[in-house]
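Read the figures in this text as sums done on the coordinates, not as results from a lab. Everything numeric here is computed off the predicted structure, so don't read it as measured data. Methodologically, a virtual Cβ is constructed for each residue, glycine included, from the backbone with ideal geometry; neighbour enumeration extends over all protein chains shown.
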Amino acid sequence: MAAPTLHTTIQGTGWIEVICGCMYSGKTEELIRRLRRAQLARQKVMIFKHALDTRYDHDKIVSHNEQSLASIAVKHASEISDLAADAQVVGIDEAQFFTGELVSVAENLANDGKRVIIAGLDQDFRGEPFQPIPQLLAAAEYITKTLAICMVCGNPADRTQRITRHPERVVVGGREIYEARCRRCYVHPGE
């Protein structure tokens, strides 16, 4: 039997897809593209985001280029399990806002035969792995790393530069707080 493609769900078979990268790399845009294709295929799709993400809308996942899909905002990954019970495809945006509990939730959903598509930052503004993405990458069948364009030199960018002096790890914001940077142009906040 051939391996399932990213666009079909074989009855009873589930899997995890992770889309990761830096800010402005098109993670949410790719998540929306995949979820729209599933909707067009008349699959039952449920979409979730963390309640912290209120940048563009409280009840939608929204890409930086203003594509959007209706979603449910939750505070804890455990809420997703019950809400997605009837779904065939489960989309989760901004995974870095969730705790490690998201990993077991995603595993359980996939084990229940669901296609689980998760997007999130793989590194924080310090260039350190952003949990729970590393564990999700280890559990995923499919991984997509997206790159942005460096806002300094135009090279491919895989880092998120915080351009303000907030010391907290999680600061929700957009272009007023973050830029995409390449390896050469990224400045570690301790320097």
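DSSP assigns beta bridges within the chain; of those with both partners inside it, close to 30 percent run antiparallel. Angle of helix 101-111 to the longest C-alpha principal axis of the chain, folded into 0 to 90 degrees and rounded to 10: 30°. Taking every lysine pair in the chain that is 8 or more places apart or spans two chains, those with Cα atoms closer than 13 Å amount to 4.
Under 15 Å from a label point 7 Å along Cα→Cβ of residue 163: give me every residue in the range 170-191 with its amide N that close. Only 173-182, 185-187 fall inside the zone, counting backbone N under 15 Å. Per residue, the convex hull around the alpha carbon atoms of the chain comes to 118 Å³. Per-residue Karplus couplings for the range 134-151, computed as 6.51 cos²θ - 1.76 cosθ + 1.60 with θ equal to phi - 60°, are listed in order as x, 5, 5, 4, 5, 8, 7, 7, 10, 10, 10, 9, 9, 10, 9, 10, 4, 7 Hz, Gly and Pro entered as x. Using just its DSSP H runs of length 4 or more, each adding -39500 (n - 2.57), the chain gives a mean residue ellipticity at 222 nm of -5500 deg cm²/dmol after division by all residues.
What number, in percent, do you get for the relative contact order of the chain if the mean sequence gap of Cα pairs under 8 Å and at least 6 apart is divided by its residue count? It comes to 28 percent, rounded to a whole number.
A simple spin-label model places the labels of residue 112 and residue 40 2.8 nm from each other, with each point 7 Å out along Cα-to-Cβ.
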